[in-house]
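To start, the structure itself, in structure tokens.
The values are calculated or read from the model by the stated rules, or taken from the named source; none is laboratory data. Just so it is clear, the model here is predicted, and its values are computed rather than measured. A quick note on method: Cβ atoms are made from the backbone with ideal geometry, for glycine too, and the neighbour counts reach across all protein chains shown.
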Ligand code: WT7
């Protein structure tokens, strides 16, 4: 567990606008009713979407945990995000305000504004080429490896329009990680860009994609979006530029949206765990869009004149749900920024808020902590008075960061929450809902579960935990937005989420509930590492390390980091004949970056001669983690050699003194 802040369970803060204020007791009553009839409740929400064909059952629960929402119903995500607005006054409303990161720090800012009409036409043109030239149909999967440019959402919408499935790979992943995910998803077409920009650096996506495709035999074609304009190699039998293949497609071409079943897959998105390969979470169409529709209204309270900004990358689920499908379905004007929030100057993000008059902000605790570290003077240079609502996501928010953000950006008067959810849940499940009812804020809480969601904190036996006692977070009812399965591995889906507490979804988080019934999520209960709010698998780091010829064994664990929450470090045992030397450590760092991607930069590599193991020679990562956190190592009756614990501790303490790695807890 990575949190040891003193949590202010009793501190209550009210937003200035008290229109929707509800005493928490009354909220619980409303919530209870919604949960008691959760199927009817969610059907009421789903009815607000537009369906080609109504469902014949709300929930098919005949084969748990493989639930199907709204079976028999037919709809299309692209139709809901585009056509529905195109046929109204919103045709000329701005859908996406895009701001690019300048190539040259002193160069002009690049801003593109696309109306719902523009987006509609572009998506139709792209869908036309995908279907006519590339033969993409329902049943196919498209891989997307793109920087934060407007073509990214366009591709997702074009795939959805054709009823095809897509799978996004975050642009911070390497060729190997990309190939692994493309193969797992059986993608046959990859859409990428020449390069992306981040902090003035060029990330040569096409070059990485070329390497990945060598190891992804399922891959037939590549489409390249020309973004940066760098020189790239093109294999003319396989690769084409988007602008070339769309050049002769008429502006007003119309591709009829495919009527897909509610329970058809919309996308596959991989998440990491402590064991095994990344898990491809498969999301449906009808349930997923229902949850997004609800949460855009309840949590973000979006209105037609708002500018809404989610600072995530579309490479992660937050971007899928709350940059692309959620906001566009609601007809919102949504801001999309290509680069780093503090580049080229620490006030880039506040300058964006000021220049585009942002009203609703969705960001992460890591971002907030880095803003804090740069100091509020950067914030004061800009007018943030347009902000009327804020939320954070991805990791627990420390009360200090909460108060800082509320004071300096929200002027101590706007609703500000920490929305809990995960790749698996599809959308927000535990959060304040200022668009519906507002209960008092507390710095660091996630608030109560949203209506229709029966969340609970349980002990080891699945019994509801007492208030203020730590337990495991579970969701007790099926919810729209839940995964259909893990791609190609339904057994694993059952095992990971539905076996520990039968009948309930096990999230893998520690949580407490306070006396008001607010949830406080306290971090992962497994050994998953959360770097800047993103899940990084220990397995991926370790398996990359042991592929190196000098490495015999490796254990990756998280250490606390002031800004990113946690960062990974690795303990490594070398093969006979290899000795620890600075060049080797450097090489291993580079090796991991190349195998997994820059997203997986290790903070430190410790060379040790032994690691804590069970008698059956399994590395006890839990013990390694406890040692670096300075916590009691717990039950070690299965430990084979106690001296290994000392060895890990010594290696860690020596380096800690040298470089000043922070520690926490009782350390
Ligand atoms: C894990 C899921 C879905 C958004 C991005 C992360 C942690 C997420 C919060 C929050 C405390 C949070 C949990 C969860 N988490 N939001 N508001 N407060 N913890 O998605 O990579 O699938 O990670 O993120 O530990 O299990 P993800």
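Side notes on the structure shown:
- Any hit, the range 535-543, residues being within 12 Å of the ligand (Cβ to nearest atom) and not in a strand (DSSP E or B): yes
- Boolean, residue 178 is farther than 27 Å from residue 259 by Cα, surrounded by 23 or more Cβ atoms within 10 Å (Cβ to Cβ) and modelled with pLDDT of 95 or more: yes
- Flag if residue 462 is over 19 Å from the mean Cα position of the chain (by Cα), buried (at least 20 other Cβ atoms within 10 Å of the Cβ) and assigned to a loop (DSSP other than H, G, I, E, B): no
- Residue list for the range 603-625, restricted to those being outside any loop (DSSP other than H, G, I, E, B) and closer than 12 Å to residue 646 by Cα: 623, 624
- Of the residues making up the range 179-211, those that are touching a helix residue (DSSP H, G or I) at 6+ places or on another chain (Cβ under 8 Å), in contact (Cβ under 8 Å) with a residue 40 or more places away in the chain and part of a helix (DSSP H, G or I) are 208, 209.
- Given (1) surrounded by fewer than 19 Cβ atoms within 10 Å (Cβ to Cβ); (2) part of a helix (DSSP H, G or I), number of the condition residue 113 does not satisfy: (2)
- Condition broken by residue 549, with the remaining ones in (1) part of a loop (DSSP other than H, G, I, E, B); (2) closer than 23 Å to residue 611 by Cβ; (3) in contact with a strand residue (DSSP E or B) (Cβ under 6 Å, 6 or more places away or on another chain) satisfied: (3)
- Within the range 479-517, the residues that satisfy the criterion of being in a loop (DSSP other than H, G, I, E, B), surrounded by fewer than 22 Cβ atoms within 10 Å (Cβ to Cβ) and touching a strand residue (DSSP E or B) at 6+ places or on another chain (Cβ under 6 Å) are 500, 501, 504.
- Criterion violated by residue 92 - all others in (1) without any contact (Cβ under 8 Å) to a residue 40 or more places away in the chain; (2) surrounded by fewer than 17 Cβ atoms within 10 Å (Cβ to Cβ); (3) out of contact with any strand residue (DSSP E or B) (no Cβ under 8 Å at 6 or more places or on another chain) satisfied: (3)
- Set 312, 340: member being closer than 15 Å to residue 532 by Cβ and either part of a helix (DSSP H, G or I) or within 16 Å of the ligand (Cβ to nearest atom) (or both): 312
- Of all the listed residues (349, 378), the sole one being in a helix (DSSP H, G or I) and buried (at least 24 other Cβ atoms within 10 Å of the Cβ) is 349.
- Qualifying residue in the range 230-237 (condition: within 30 Å of residue 287 (Cβ to Cβ), at pLDDT 95 or above, away from the ligand (no atom under 16 Å from the Cβ) and touching a strand residue (DSSP E or B) at 6+ places or on another chain (Cβ under 9 Å)): no
- Filtering the range 564-588 to residues that are within 24 Å of the chain's Cα centre (by Cα) and either part of a helix (DSSP H, G or I) or on the phi > 0 side of the Ramachandran plot (or both) leaves only 565.
- Taken together, the residues in the range 402-423 that are assigned to a helix (DSSP H, G or I) and either surrounded by fewer than 23 Cβ atoms within 10 Å (Cβ to Cβ) or more than 14 Å from the ligand (Cβ to nearest atom) (or both) amount to 6.
- Every pair of residues 6+ apart whose Cβ atoms lie under 7 Å, when the first sits in the range 261-278 and is at positive phi while the second is away from the ligand (no atom under 11 Å from the Cβ): 276/539
- In the set (1) within 16 Å of the ligand (Cβ to nearest atom); (2) surrounded by fewer than 24 Cβ atoms within 10 Å (Cβ to Cβ), residue 383 fails one condition alone, (1).
- Residue check for residue 179: over 23 Å from the mean Cα position of the chain (by Cα) and within 30 Å of residue 495 (Cα to Cα): no
- Some residue of the range 353-361 being at pLDDT 95 or above, surrounded by 18 or more Cβ atoms within 10 Å (Cβ to Cβ) and either within 13 Å of the ligand (Cβ to nearest atom) or more than 22 Å from residue 110 (Cβ to Cβ) (or both): yes
- Residue 593 falls short on exactly one of the conditions (1) touching a helix residue (DSSP H, G or I) at 6+ places or on another chain (Cβ under 8 Å); (2) assigned to a helix (DSSP H, G or I); (3) free of Cβ contacts under 8 Å to residues at least 60 places away in the same chain; (4) surrounded by fewer than 20 Cβ atoms within 10 Å (Cβ to Cβ), and that condition is (3).
- Residue under evaluation residue 8, criteria (1) over 26 Å from the mean Cα position of the chain (by Cα); (2) outside any loop (DSSP other than H, G, I, E, B); (3) surrounded by 13 or more Cβ atoms within 10 Å (Cβ to Cβ), criterion not met: (2)
- Qualifying residue in the range 546-553 (condition: under 30 Å from residue 580 (Cβ atoms) and within 16 Å of the ligand (Cβ to nearest atom)): no
- Where residue 389 falls short, out of the listed (1) crowded, with 24+ Cβ neighbours inside 10 Å; (2) within 13 Å of the ligand (Cβ to nearest atom): (2)
- Residue tally, condition touching a helix residue (DSSP H, G or I) at 6+ places or on another chain (Cβ under 8 Å) and at pLDDT below 95, over the range 511-543: 12
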